[in-house]
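**Student:** Following this message is one structure expressed as structure tokens.
The values are calculated or read from the model by the stated rules, or taken from the named source; none is laboratory data. The model shown is predicted, which means the values in this text are computed figures rather than measured ones. Cβ: placed from backbone, ideal geometry, glycine included. Neighbour counts: every protein chain shown.
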Amino acid sequence: DGGPRVGLLCEFLSTLRTRLPSVISPQSDTQTYHPTSLLSRVSAQAAHTTTSSTTSTSVHVSILPVCGLIFQLNEGTLLTSAEQQTLLTAVARAVIDSEGVQENACAAQLSPIPPRLPCWLAYQVARQANRYGQHDLAASIYDKLSPMTLSEQTNYWLRGLWEFSRAEAQLLVLTRQLHADCPQPQNDVPDAQENVRLKPQPWVDDLIDGLRRAADVVHKTRSLFICVGGSDNRWFQAEYVGIRGNLYLCLAELCICANYFTHVGRWSGRYHSRGTNSADSIAVRTLAVPTSVVRQLDLWSGLADRLCTLQSQCLDADQTTHGHLYALIQLVGFFIDVLQSICDVYGGADRLHYEQIPVSENLSKGDPFCAVLQELRQIAQSHMKFNPLRPTNFDWLSYLALKVARVASHWPRFFFQRLQTSTVRLVLLPKAGNNPEDVLTVSSEVGHMVQVMGVVQQRSRLPHGQVARRIHAVEVELTVTTASSETTGLHRRGVGDLVFSSIRSARLQRDYFHCEFCVRFPDPAQSSHNTAQRQTSTIYRVSAVAILSDTFGTRWRLTHASGAPIETTLVRVESINNSSLSLPSTPTKLTDPADSRVNV
């Protein structure tokens, strides 16, 4: 009948489902939860609230946990249109009856997405659907809410959510149909068929087309999110969506690579001709790694770097978001290990890279990307030992891509809700003025003392102001690069030569920290002794960035969008123009001798 107790019970069961799946998961097919029977109970209970005295606030508190529990119990399959209508009708009826609007109940029963359902509550139900893999339901709700928006930013936001949800739902439908029809991959090509090319598999082409379409839609969604107030306001959403789009592209390229090796084999005679004057073992070691495999390794390595960079910026994200990002990192790392092991086979390594990587025990078992990893490892282990001197069938790589593409992702909570906010403000002293383009003039004959002062502020939306990750120390990285005199303005940031780099650690005192650097600039006359015209001054750009450390020892490198802008000032270094001085060679980089931690 609604109420806080029902909401707390559903949240408790959802936590058990996420943290301890063995406790609440069915042990046999007879114990499987059927969404039809569960939704019929919810619908009957909603009809019973007509005569109850449940308040509107109590119903609103219990609706979202109930929906979340239903979505989790139905994980692995998408709700049908009839089941979606049953759920939304029950939600609308409970809200309408609790508010005393009895005449709208019939209208709520006839519409798949009730127009009488409060827009904010409908939006929250859609968010719950995204967080537990019911992207088809979420897309239908976003599509109905978009015409009701009153601002351009809200319209861009809802259209982006609709595009992303629809792309995920369409890919799930396609991949699950292909998974039911595609055959299991074979371990190797038989000896009797070495001279026969394998027939092309049409399901691979369908999978490639589906992944590419999803990637195109997702990259379009990223542009919509950037339009919502710029990249600073939706930096996480834009970067996360871009990473998911790149993941689809990497899976599509992997399928193309696997399909290529299925059709084009490498004949044995070509390799034996290389080892005419040496032993056979040496001939195997000199096999060149196929170019397509090397290209795949570069693509997946770039995606892994992008994921690690995003995770290092998510200081304010909740634990489930970090678990989701860690699951993506583990998934991408798995494909990197597989590709590196293929390179090891062609290189004749005694032990494959895949066998040297231990399986992490800190995986978030509640995330579906981690849940599928064990199955992917078993498939890879059964196909990894192949003979590089024979035509090799790599269709099992496409099967791995299909297994990943059919996983209904759980969107992270940080995508919709921020529980805390951390900001860092830096000040560089001395400086010429408040204008960013003001240039401070110093002499090259003495060291330049730079003071960096900063403030770290953390605000929490949790009860009693609890902060999930409290910052206790700051590392300040100071870099000095050359700046062209024609483009001294900070709004035109050119990449100059690095001449100085140093890192200082500062203990946070409440919210304040302070550290000092001694910078020695190169003599401008020394820097131009090979040029026809002697320079007497050079402009340098001094930049400082803060690297935060929390109580767990984790380091966070925030950016301007995530709350830690880079502080920069311009310095002109002047020297005495004395032609009689001997000119030593030009130093490439100066470091602070007092600093034991130098960033080279």
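**Student:** Which of the residues that make up region 160-178 are of a type outside the set (A, V, I, L, M) and under 10 Å from residue 221 (Cβ atoms)?
**Tutor:** Our first condition is that a residue be of a type outside the set (A, V, I, L, M); within region 160-178, this holds for 160, 162-166, 168, 170, 175-177.
Selection gives 160, 162, 163, 164, 165, 166.
**Student:** Something else now. In region 303-318, how many are charged (D, E, K, R) and within 20 Å of residue 462 (Cα to Cα)?
**Tutor:** 2
**Student:** Given (1) exposed (fewer than 14 other Cβ atoms within 10 Å of the Cβ); (2) modelled with pLDDT under 85; (3) of a type outside the set (Ser, Thr, Tyr), identify the lone condition not met by residue 432.
**Tutor:** Residue 432 satisfies all of (1) exposed (fewer than 14 other Cβ atoms within 10 Å of the Cβ); (2) modelled with pLDDT under 85; (3) of a type outside the set (Ser, Thr, Tyr) except (1).
**Student:** Which of the residues that make up region 402-447 are closer than 30 Å to residue 247 by Cβ and among the polar types (S, T, N, Q)?
**Tutor:** Going through region 402-447, the residues closer than 30 Å to residue 247 by Cβ turn out to be 402-422.
Hits for region 402-447 are 409, 417, 420, 421, 422.
**Student:** If you go through region 397-419 one residue at a time, how many are in contact with a strand residue (DSSP E or B) (Cβ under 9 Å, 6 or more places away or on another chain) and at pLDDT 90 or above?
**Tutor:** So the count comes out to 0.
**Student:** Restricting attention to region 416-436, and to residues there that are hydrophobic (A, V, I, L, M, F, W, C) and over 20 Å from the mean Cα position of the chain (by Cα), which single residue is nearest to residue 467 (Cα to Cα)?
**Tutor:** 424
**Student:** Further, regarding this structure: Could you tell me which of the residues 450, 439, 446 is more than 38 Å from the chain's Cα centre (by Cα), of a type outside the set (Phe, Trp, Tyr) and either closer than 22 Å to residue 504 by Cβ or exposed (fewer than 14 other Cβ atoms within 10 Å of the Cβ) (or both)?
**Tutor:** So the residue among 450, 439, 446 that is more than 38 Å from the chain's Cα centre (by Cα), of a type outside the set (Phe, Trp, Tyr) and either closer than 22 Å to residue 504 by Cβ or exposed (fewer than 14 other Cβ atoms within 10 Å of the Cβ) (or both) is 446.
**Student:** Given (1) over 30 Å from residue 460 (Cβ atoms); (2) modelled with pLDDT under 90; (3) touching a Leu at 6+ places or on another chain (Cβ under 8 Å), identify the lone condition not met by residue 383.
**Tutor:** It fails just one condition, (3).
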